[in-house]
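Structure first, then comments.
The values are calculated or read from the model by the stated rules, or taken from the named source; none is laboratory data. Small disclaimer: the values here were computed from a predicted structure and weren't measured. Cβ atoms come from the backbone with ideal geometry, glycine included; neighbour counts cover every protein chain shown.
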Amino acid sequence: MAYETRRIARSTAETLDLEREPQLAVGEVEMSRGNWFNSETKRNDPAYRFAIKLLNPGNTRVQYEFDRLEIQFPGTVPLTQPPDNRGGVIHPKMGGHYFCLASEGEAAVVPGTEGNIGFWINYWTTSERTYHLEVRLRVTVTNTNGDRMNLQWTYLDNTPVYS
């Protein structure tokens with residue numbers, strides 16, 4: 001009887017540990033065309049906005065910070081200025097968007113245009129431990145609808161990698 005009680009207690013403790021562990025996943029990648037205010041030239045310049053939707057399927061609040069972001073997409077030039085924000089908070093069973101800009105390049109972004117997006121995120125629930133997510137995506141524009149691009153994406157290089 002004592003052995004069975006210890007086994008159940010251990011199993012319960014392991015389950016609780018998993019429930020407390022932060023979880024983060026990529027839900028969607030979106031792309032649209034618009035303008036951004038260039039603080040150097042003091043004018044609005046054409047740009048593409050990428051939105052990465054992150055999901056928290058877990059039962060604990062997750063804080064995150066983008067450590068690195070790389071956009072290699074024909075027709076765009078990644079901006080050199082730092083983003084307005086680098087992270088945020090996602091509550092349990094919810095999602096949130098992370099936005100980044102790329103200025104418009106020489107080539108037009110049309111259906112069939114392919115590019116790569118890579119990012120490295122640090123995330124945590126408490127300061128005791130930081131988790132890491134590495135993602136590399138191949139993104140293809142399937143069609144355009146006004147200023148919005150419909151995208152199809154797939155993971156590259158055996159990502160996502162959680163550590």
Discussion item. Which residue is nearest to the chain's Cα centre (by Cα), if the candidates are limited to region 116-163 and must be among the polar types (S, T, N, Q) and under 28 Å from residue 19 (Cβ atoms)?
Written reply: 122
Item to complete: Hey, could you check region 33-50 for residues that are modelled with pLDDT of 85 or more and surrounded by 14 or more Cβ atoms within 10 Å (Cβ to Cβ) and say which is nearest to residue 152 (Cα to Cα)?
Response: 50
Worksheet, complete the sentence: The number of residues in region 104-121 that are at pLDDT below 90 and either outside any loop (DSSP other than H, G, I, E, B) or touching a helix residue (DSSP H, G or I) at 6+ places or on another chain (Cβ under 9 Å) (or both) is 1
Worksheet item: Would it be correct to say that residue 140 is part of a strand (DSSP E or B), in contact with an Asp or Glu (Cβ under 8 Å, 6 or more places away or on another chain) and without any contact (Cβ under 8 Å) to a residue 40 or more places away in the chain?
Response: yes
